[in-house]
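Undergrad: To start, I am sharing the structure in question, which I have written as structure tokens.
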Amino acid sequence: MCGIVGYIGQKNTKEILLEGLKELEYRGYDSAGIAVLQDGDFTNYKAVGKLVNLEEKTKDFVTESFAVGIGHTRWATHGKPTELNAHPHLGESSYVVHNGIIENYASLKKELTQKGVTFLSQTDTEVIVHQFEKNLKNSPDTFEAFSKTIKELQGAYAILLVTKSEPDTIYFAKHGSPMLVGVNKENEKYFASSDTPLIGHCQKVNYFEDGDYGYVTPDETAIFSKNGTKKEPHFCELSQNKLSAQKNGFRFFMEKEIYEQREVIADTLMGRLSEDAILFDELESSLFEGIKEIKLCACGTSYHSALCASYLFERYSKIKTSVEIASEFRYRKPIMTKDTLFIVISQSGETADTLETLKMAKEAGLKTLVICNVDNSSMVRLAEASILTRAGIEKGVASTKAFATQVVVFWMLSLYLAKLTNALEKSEIAKQIALLREVPASCAVTDNMHERIKRLSKRYLHGHGFFFIGRDIFFPLALEGALKLKEISYLHAEGYPSGEMKHGPIALADPELFTIALLPQHLLYEKSKSNVEELSARDSTICAISPLEFDKADDFIPISTCRDYMLEFFEMMVVVQLLSLEISVRLGNDVDMPRNLAKSVTVE
Ligand code: AGP
């Protein structure tokens, strides 16, 4: 998640911008920059890596009189983490910072390039400032040019733009990515992506709504809604609790990240879906030439998303697929053939076992691809190609949104490959793409559902163990649900294919064995139901998650009636995530940093 700050006032603008960016470090970033307009001249600094590098570069720069300034911490989604790709991005006499994804940046960039504009970066953001300056040449005033530019953008954005043509003004626009503006008694104006940079500086803030755009000067805060009508700012009291602000008011980062899945999955999809094709502009089709098999390799939750991928690849792409646990693969002297595409999956891109298997595959001459959440990580730098999941920083040790975005990327990749292998008709690909567009809504957390799970969790604080059971792609989801519960509640849980119960596990069935049964309507429902009935008949306590009422369950968590089993998958994913969270809360555990665990296992 990128971070944005802005300031209009008489104080040391550089210090205020850097302090603001420091308060946004929790959002994760790989580069940063500021631009200050003072006495008609711009001063701009950028640095890769941590903010200390930017502080070092700006140490001799002081602003002591009126200035306007903007700053940015970047989490790479388009283009590597480099100084050139760091924000703010410069036109001829304007700078812009942006959080989000400009979905139509490629077409805008093509038009601008044809008109002779030179782009310095690989980012989508840079099109904003060049489009603005193109419009500025043909508009009666600066705000008209800015308004026109915003109307030409598609996608998600929070934008701040400063320009020499209006040296006391900051232009803003918000759609899909958060941003707010604060004011104080000294009439200073502060912008930020979230509350924390404004705490201690402002008393009143206005949270921009989707579609809001406008400008702020020392004397005016002008906000316009999407249809161009001017609206009164709605200033409210700013909370003064920084940690709560970093969690956006949620109790834990994990809770915040479960709720964030809806928006980050929208980012994962952004710019990658056309009507009937998947667009991965980070991939060359040559990567798949001569490939007859796919081998996926990962650890933990990433291993579970890899298992999900194996169902999707064989079903949609018709490519033979196998899945390995990295710590096993490393030492079993595996047979590797050059017609195999080796895909590693990692949220951090630093997991030691997974990284070693990537090195093994490269040494064996295999083509390699990494699905990762952190650009410039060891695996991204080592693999031949990479697809970023765009989940933003994941602070909860128990992975949630990283898993969700990995599965979405795999679903997209299975369709991308299905087109390459002609395994699916265009019409079927289009149907699947329409389903993909519904995934963000499937991950929305409703108050009713969360309240129900919170109430129900009090019944599951003891017992001698949990079975999470599911069939087909719901089996890896069952594994993931069991891992979530183990990780943060410290209760014993196992994920099992529903069909395995009678091959031994059912011996454990009794009222103290809790079975969380995944019962999707659109995938093997009757078979799954009979497996659960076997357990219920032996008095296991059953919690059924399904769109269909199940009379033999002791507890029932309903999901909505979906058009497809993959949408049921994401709804059930949210349920098992919240269930583990609420059980852990009742047990008084440290949800975000559970005992014995680390966020990234960089040692064997
Ligand atoms: C997931 O909840 C765990 N924190 C853990 O299993 C994690 O998925 C595993 O360590 C792999 O990490 P990676 O995705 O960063 O490679």
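Undergrad: Just how far, in whole angstrom, is region 366-421 from region 525-604 if you go by their alpha carbon centroids?
TA: Answer, in whole Å: 24.
Undergrad: On to the next question. Which distance in nm do the two modelled labels at K230 and E209 give, with both placed 7 Å along the Cα-to-Cβ direction?
TA: Placing both labels 7 Å along Cα→Cβ, they lie 1.8 nm apart.
Undergrad: Can you compute the helix-only [θ] at 222 nm over the chain? Use -39500 (n - 2.57) per DSSP H run of at least 4 residues, normalise by all residues, nearest 500 deg cm²/dmol.
TA: For the chain, the value works out to -10000 deg cm²/dmol.
Undergrad: Then there is this: Give me the Kirkwood hydrodynamic radius of the chain, using the inverse of the mean 1/r over all pairs of distinct Cα atoms, in Å to one decimal.
TA: Hydrodynamic radius (Kirkwood, Cα only) of the chain equals 25.5 Å.
Undergrad: Give the residue from L524, A398, G481 lying farthest towards the positive end of the charge dipole for region 385-527; charges sit on Cβ (+1 for Lys and Arg, -1 for Asp and Glu) and the dipole is referred to the Cα centre.
TA: It is A398, whose Cα lies furthest towards the positive end.
Undergrad: For region 395-446, what class follows from the C-alpha gyration tensor (a ≥ b ≥ c being the square roots of its eigenvalues): rounded when a/c is under 1.5, otherwise prolate if a/b is larger than b/c, else oblate?
TA: oblate
Undergrad: When the Karplus curve 6.51 cos²θ - 1.76 cosθ + 1.60 is applied with θ = phi - 60°, which whole-Hz ³J(HN,Hα) does each residue of region 196-206 get, with x for Gly and Pro?
TA: Whole-Hz 3J(HN,Hα) from phi for region 196-206: 3, x, 8, 5, x, 10, 10, 9, 10, 10, 10.
Undergrad: Another question, then. Which of the listed residues, G200, S302, I34, is farthest toward the dipole's positive end in the chain, when Lys, Arg count +1 and Asp, Glu count -1 at the beta-carbon?
TA: The residue sitting farthest along the positive end of the dipole is S302.
Undergrad: Take every Cα pair under 8 Å in region 1-148 that's 6+ residues apart, average their separations, divide by the length, and report that relative contact order as a whole percent.
TA: 24 percent
Undergrad: What are the residues whose amide H is under 5 Å from the amide H of T321, where those residues sit 5 or more places off or on another chain and H is modelled from the backbone?
TA: Close amide H contacts, sequence-distant or interchain: I294.
Undergrad: Hey, another quick one. When DSSP assigns beta bridges and you keep just the ones with both residues in the chain, what percent turn out antiparallel, to the nearest 5?
TA: The answer is about 60 percent antiparallel.
Undergrad: Right, something else. If r is the Cβ-Cβ distance from S322 to E289 and R0 is 22 Å, what FRET efficiency results, to the nearest 0.05?
TA: The value I calculate is 0.65.
Undergrad: Take the cross-link list K148/K204; K59/K204; K527/K552; K80/K110 and give me the ones stretching past 25 Å between alpha-carbons.
TA: K148/K204; K59/K204, as the Cα separations exceed 25 Å there.
Undergrad: Output wanted: per-residue J couplings in Hz (rounded whole) for region 229-235, from phi through Karplus 6.51 cos²θ - 1.76 cosθ + 1.60, θ = phi - 60°, x for Gly and Pro.
TA: In residue order, the calculated couplings are 7, 6, 10, 5, x, 10, 7 Hz.
Undergrad: So if each residue of separation counts as 0.36 nm, and I subtract the Cα-Cα distance between D447 and Q154, what length gain in nm does that give?
TA: 102.4 nm
Undergrad: What FRET efficiency would be calculated for the residue pair E534, M336, taking the C-beta separation as r and a Förster radius of 35 Å, to the nearest 0.05?
TA: Efficiency for this residue pair is about 0.30.
Undergrad: What distance in nm separates the simple spin-label points at K426 and L120, each placed 7 Å from Cα in the Cβ direction?
TA: Each label point is offset 7 Å from its Cα along the Cβ direction, giving 4.2 nm.
Undergrad: Something else: When the dipole is taken about the Cα centre of region 471-539, and only Lys, Arg (+1) and Asp, Glu (-1) are charged at their Cβ, what size is it in debye, to the nearest 20?
TA: About 140 debye.
Undergrad: If the only charges are +1 at each Lys and Arg Cβ and -1 at each Asp and Glu Cβ, what is the size of the charge dipole of the chain around the Cα centre, to the nearest 20 debye?
TA: Dipole about the Cα centre, nearest 20: 720 debye.
Undergrad: Further, regarding this structure: Using θ = phi - 60° and the Karplus relation 6.51 cos²θ - 1.76 cosθ + 1.60, list the HN-Hα couplings for region 384-391 in order, rounded to whole Hz, with x at every Gly or Pro.
TA: 5, 8, 9, 10, 7, 7, 6, 7
Undergrad: Tell me which of S327, G100, L513 sits at the most positive position along the dipole axis of the chain, charges placed on C-beta atoms (Lys, Arg +1; Asp, Glu -1).
TA: It is S327.
Undergrad: If you add up the charges near D551, with Lys and Arg at +1 and Asp and Glu at -1, over every other residue whose beta carbon is less than 14 angstrom from its beta carbon, what do you get?
TA: In short, -2.
Undergrad: So, R0 is 41 Å and r is the distance between the beta-carbons of N248 and E526; what FRET efficiency does that work out to, to 0.05?
TA: The calculated FRET efficiency here is 0.45.
Undergrad: Once you charge only the Cβ atoms, +1 for Lys and Arg and -1 for Asp and Glu, what is the size of the charge dipole of region 167-246 about its Cα centre, to the nearest 20 debye?
TA: 140 debye
Undergrad: List the aspartates and glutamates whose Cα lies under 17 Å from the Cα of K362, skipping any in the same chain that are fewer than 8 positions away.
TA: Those aspartates and glutamates meeting the cut-off are E289, E293, E324, D339, E350, D353, E384.
Undergrad: Ok, one more. Give the angle, between 0 and 90 degrees and rounded to the nearest 10, that separates the Cα long axis of helix 352-363 from the longest principal axis of the Cα atoms of the chain.
TA: 90 degrees
Only the coordinates and a few stated rules stand behind these numbers; no lab work does. Values in this document were obtained by computation on a predicted structure and should not be read as measured data. Quick reminder, even Gly has a Cβ in these numbers, built from the backbone with ideal geometry, and neighbours come from all protein chains shown.
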